[in-house]
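First comes the structure, then the notes that go with it.
The values are calculated or read from the model by the stated rules, or taken from the named source; none is laboratory data. Keep in mind the model is a prediction, meaning the values are calculated, not measured. Note that each Cβ is placed from the backbone with ideal geometry, even for glycine, and that neighbours are counted across all protein chains shown. Just so you know, the surface numbers come from the protein's heavy atoms only, side chains and all, with ligands and any DNA or RNA stripped out. Shrake-Rupley method; radii C 1.70, N 1.55, O 1.52, S 1.80 Å.
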Amino acid sequence: MTVLGSRMGALAAAIAVVAAFAGPLSAENGEKGDPRNIRTGYAIPDQGYCDQPYVVVTREGGWLCTLTTGPGKEGDRGQHVVATSSSDCGQTWSELVDIEPSSGPEASWAVPLVTPFGRIYAFYTYNGEDLHVLDGKPIRADTLGWYAYRFSDDSGRTWSDRYRLPLRVTAADRGNNWQGKVQLFWGIDKPNMVGDDVVFGFTKLGRYMLEQGEGWLFRSDNVVSERDPERLRWVLLPEGEHGIRSPEFGSVQEEHNIVPLAGGQLYCVYRTGQGAPCHAYSSDGGRSWTKPEFMTYTPGGRRIKNPRACPMLWRTENGKFLFWYHNNPGRAGGFGPFRNPVWLAGGVERDGRIHWSEPEILCYDPDANIGMSYPDLIEQDGRYWFTHTNKTIARVVEADRKLIEGLWRQGEDKTVARDGLVLEIAPKGVLPASSPLNERLDLAACGGMTVEAWLTLDDLAGGQIALDTMTPEGAGLKLGIASQGTIELTLSDGKAKAAWDCDPGVLKAGTLHHLVAIVDAGPKIISFVIDGRLCDGGEARERGWSRYEGSLGDVSGTGKVEIAPSLHGRLERVRIYNRYLRTSEAVANFHAGCSQ
């Protein structure tokens with residue numbers, strides 16, 4: 001390797017620790033409690049714009065975060081890569097240390113790697129030719145140039161000279177606007193260990209600015225052991241002229257990220273503009289790949305929905321997997337509300353393929369128009385944190401361990417949730433005509449509610465009512481059959497109102513169904529889990545969940561539940577909770593069976 005730049009002067013680490021907007025949301029505007037609300041998290045310092053806040057745990061046990069930042073908007077001059085450290089799990093952060101200065105050419109999209117001997121690498125796109133014009137017009141210059149890197153041997157306080165990865169020229173480069181003399185690319189994939197090797201993916205572009213994307217990866221067999229950067233070995237994969245892509249999925253095939261499977265197999269996921277991510281597998285270390293296909297929950301199963309937003313993979317320390325996505329296909333580029341909330345699925349490997357769970361809401365912003373993306377996972381001492389950015393604020397939030405582990409146990413857990421039960425009816429003979437609620441259902445106080453039922457319908461005629469607490473003035477809840485043959489939950493506190501139904505086509509007359517209607521008052525989302533599967537909209541609609549407007553209060557209505565007042569069929573069991581059930585709890589209730 002050749003040193004490209006003069007050595008940066010030693011930068012003293014900040015002695016004072018910066019609070020960096022560390023106050024929780026309750027200190028801002030009175031909201032409390034829900035750790036999924038990103039405003040309860042801790043902000044990571046930046047200079048205005050911020051992206052890709054990725055964290056490695058240092059040899060001393062602290063955190064070192066690299067991120068892309070700058071005083072302007074994304075792509076403006078002055079955009080560069082920096083580092084900041086935390087010794088208290090992201091609650092406070094040091095002052096920013098330049099990996100590349102803002103006064104130089106654009107430096108963007110750093111991904112960090114920590115070696116067993118404590119060295120930290122940062123790999124990033126560097127506009128080494130300082131290009132800002134194409135065909136006589138000014139251009140954004142943050143996805144072109146050299147694949148550069150620097151390293152730190154003192155936990156990010158100072159950084160080495162700049163080095164350059166050997167980015168082989170391929171067909172995509174030769175077909176770009178500069179005929180390969182300039183290369184277009186960026187990466188969002190934090191490096192992974194595959195045996196003793198390091199692998200990380202990135203996206204090449206065939207045309208400026210974001211056209212004809214295809215996936216590539218660098219692999220090194222000695223970067224975690226070799227201290228001399230001149231002796232590092234790097235291989236660009238796959239072999240040949242073309243990267244990971246399939247023409248039928250269009251121009252947008254980008255943000256490739258890769259995790260290792262058992263036995264050295266590799267699994268790659270990337271975003272498209274088709275409303276779903278694609279995935280592919282390699283059984284020869286990345287030299288060749290299966291033809292990319294739309295990503296599915298199980299082999300040959302339902303397609304996973306995601307807008308043009310980063311679909312991020314992680315392999316966890318226990319050998320299982322997590323997947324960050326948005327559970328909707330998005331429109332108009334997939335920004336804003338299509339990136340809020342974030343859903344998380346858990347993956348387990350079976351016969352060389354990953355099987356994904358039904359997802360949970362991992363985090364959300366109370367403002368539905370603010371999205372979040374470009375996340376990272378920090379796993380330390382049995383705890384899980386996630387970083388993310390909305391492009392102006394980067395934050396770190398800790399996830400509930402029960403939520404994470406419940407994803408991996410779906411299908412294994414068969415215990416009925418009992419916490420928060422305010423009504424349970426399990427008739428052995430004739431159904432009661434009504435039953436009182438044991439507690440009020442005030443969503444403003446309890447954060448949500450859930451209605452669960454096992455039922456068999458003789459037909460799907462609209463207008464049937466299974467459960468009803470509505471007052472004459474229209475306050476309360478009602479569970480019934482909508483005109484399109486779906487089960488619908490209607491809620492009102494007398495002022496605000498919300499309603500949503502399950503996906504069309506999932507209910508069948510004469511079949512015993514398990515249904516769970518979940519009202520999550522944090523992100524204000526209503527969802528349905530039918531027979532252990534979260535409704536995602538299927539082919540009938542964009543998504544299977546709905547965000548309601550305003551704030552719902554007490555939806556108890558009369559406080560007395562009318563049982564099947566006009567139902568063509570039979571209710572076998574009813575439960576009402578004064579909290580939202582997690583998806584995994586709803587799935588466990590299904591697997592527990594109707595008799596439990």
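Looking at Val194, Val169, Val114, Val182, just one residue is among the aliphatic types (A, V, I, L, M) and touching a residue at least 60 places away in the same chain (Cβ under 8 Å), and that residue is Val194. Within segment 160-199, can you find the residues that are of a type in the set (A, V, I, L, M, F, W, C) and within 31 Å of the chain's Cα centre (by Cα)? If the condition is that a residue be of a type in the set (A, V, I, L, M, F, W, C) and within 31 Å of the chain's Cα centre (by Cα), then Leu165, Leu167, Ala172, Leu184, Phe185, Trp186, Ile188, Met193, Val194, Val198, Val199 are the ones that fit.
Have a look at His568, His514 and point out the one that is touching a helix residue (DSSP H, G or I) at 6+ places or on another chain (Cβ under 8 Å) and either closer than 25 Å to Val342 by Cα or not basic (Lys, Arg) (or both).
Working: His568 fails: touching a helix residue (DSSP H, G or I) at 6+ places or on another chain (Cβ under 8 Å).
That would be His514, the only listed residue that is touching a helix residue (DSSP H, G or I) at 6+ places or on another chain (Cβ under 8 Å) and either closer than 25 Å to Val342 by Cα or not basic (Lys, Arg) (or both).
For segment 373-395, taking the residues that are open to solvent by less than 10 Å² (accessible area, probe 1.4 Å) and farther than 17 Å from Leu322 by Cα, the one that is nearest to the chain's Cα centre (by Cα) is identified as Thr389.
Taking segment 448-461 only, how many residues are surrounded by 18 or more Cβ atoms within 10 Å (Cβ to Cβ) and either at pLDDT below 95 or not aromatic (Phe, Trp, Tyr) (or both)?
Taking segment 448-461 as the starting set, the residues that turn out to be surrounded by 18 or more Cβ atoms within 10 Å (Cβ to Cβ) are 448-455, 457, 460.
Those still in the list that are either at pLDDT below 95 or not aromatic (Phe, Trp, Tyr) (or both) too: 448-453, 455, 457, 460.
So the answer is 9.
Residue count for segment 37-61 satisfying the condition of being outside any strand (DSSP E or B) and in contact with a strand residue (DSSP E or B) (Cβ under 6 Å, 6 or more places away or on another chain): 6.
Take the conditions (1) part of a strand (DSSP E or B); (2) open to solvent by 10 Å² or more (accessible area, probe 1.4 Å); Gly180 misses just one of them, which is (1).
Residues in segment 229-278 that are open to solvent by 60 Å² or more (accessible area, probe 1.4 Å), more than 12 Å from Trp289 (Cβ to Cβ) and assigned to a loop (DSSP other than H, G, I, E, B): Arg233, Glu241, Gln274.
Specify which of the listed residues (Arg308, Arg315) is touching a helix residue (DSSP H, G or I) at 6+ places or on another chain (Cβ under 9 Å) and surrounded by 19 or more Cβ atoms within 10 Å (Cβ to Cβ). Even if it seems obvious, please write down each step before you answer.
On the way: Arg315 fails: touching a helix residue (DSSP H, G or I) at 6+ places or on another chain (Cβ under 9 Å).
After ruling out the rest, the residue left standing is Arg308.
Considering (1) modelled with pLDDT of 95 or more; (2) more than 27 Å from Ser551 (Cβ to Cβ); (3) in a loop (DSSP other than H, G, I, E, B); (4) open to solvent by less than 30 Å² (accessible area, probe 1.4 Å), the lone condition that Gly334 does not fulfil carries the number (1). Scanning segment 347-360 for residues that are open to solvent by less than 20 Å² (accessible area, probe 1.4 Å), touching a strand residue (DSSP E or B) at 6+ places or on another chain (Cβ under 6 Å), over 20 Å from Arg271 (Cβ atoms) and of a type outside the set (Asp, Glu) yields a single hit, Ser357.
Among the conditions (1) in contact with a strand residue (DSSP E or B) (Cβ under 8 Å, 6 or more places away or on another chain); (2) at negative phi, Glu255 misses just one, which is (2). Restricting Phe200, Phe185 to residues that are surrounded by 18 or more Cβ atoms within 10 Å (Cβ to Cβ), under 22 Å from Arg140 (Cα atoms) and either out of contact with any helix residue (DSSP H, G or I) (no Cβ under 6 Å at 6 or more places or on another chain) or not aromatic (Phe, Trp, Tyr) (or both) narrows the list to Phe185. Is at least one residue of segment 135-153 out of contact with any Leu (no Cβ under 6 Å at 6 or more places or on another chain), touching a residue at least 60 places away in the same chain (Cβ under 8 Å) and among the hydroxyl-bearing types (Ser, Thr, Tyr)? Scanning segment 135-153 turns up at least one residue that is out of contact with any Leu (no Cβ under 6 Å at 6 or more places or on another chain), touching a residue at least 60 places away in the same chain (Cβ under 8 Å) and among the hydroxyl-bearing types (Ser, Thr, Tyr).
Would you mind stating whether Gly206 is at positive phi and either of a type in the set (Phe, Trp, Tyr) or touching a residue at least 24 places away in the same chain (Cβ under 8 Å) (or both)? Considered against the rule, which asks whether it is at positive phi and either of a type in the set (Phe, Trp, Tyr) or touching a residue at least 24 places away in the same chain (Cβ under 8 Å) (or both), Gly206 comes out as no.
When the test is whether a residue is of a type in the set (A, V, I, L, M) and touching an Asp or Glu at 6+ places or on another chain (Cβ under 7 Å), Ala141 passes it.
Taking segment 361-386 as the range and being assigned to a strand (DSSP E or B) and under 30 Å from Glu549 (Cβ atoms) as the test, the residues that pass are Ile361, Leu362, Cys363, Tyr364, Ser373, Tyr374, Pro375, Phe386.
Cβ-Cβ contacts under 8 Å between residues 6 or more apart (or on different chains), taken from a first residue in segment 448-462 that is closer than 14 Å to Leu581 by Cα and touching a residue at least 40 places away in the same chain (Cβ under 8 Å) to a second residue that is small (Gly, Ala, Ser) and not in a loop (DSSP other than H, G, I, E, B), are listed as Thr450/Ala517; Thr450/Ala586; Val451/Ala517; Glu452/Ala517; Glu452/Ala586; Ala453/Ala466. Selection of segment 546-572 for residues being open to solvent by 20 Å² or more (accessible area, probe 1.4 Å), farther than 30 Å from Asp367 by Cα and part of a loop (DSSP other than H, G, I, E, B) yields Thr558, Leu567, His568.
Residues are listed down the side, and each one gets a yes or a no for (1) surrounded by fewer than 16 Cβ atoms within 10 Å (Cβ to Cβ); (2) in contact (Cβ under 8 Å) with a residue 40 or more places away in the chain; (3) in contact with a Pro (Cβ under 6 Å, 6 or more places away or on another chain):
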| site | (1), (2), (3) |
| --- | --- |
| Arg59 | yes, yes, no |
| Gly62 | no, yes, no |
| Glu74 | yes, yes, no |
| Val82 | no, no, no |
| Cys89 | no, yes, no |
| Glu95 | no, yes, no |
| Ser103 | yes, no, no |
| Glu106 | no, no, no |
| Trp109 | no, yes, no |
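Residue count for segment 74-87 under the criterion of being farther than 17 Å from Thr392 by Cα and either basic (Lys, Arg) or more than 24 Å from the chain's Cα centre (by Cα) (or both): the result is 1.
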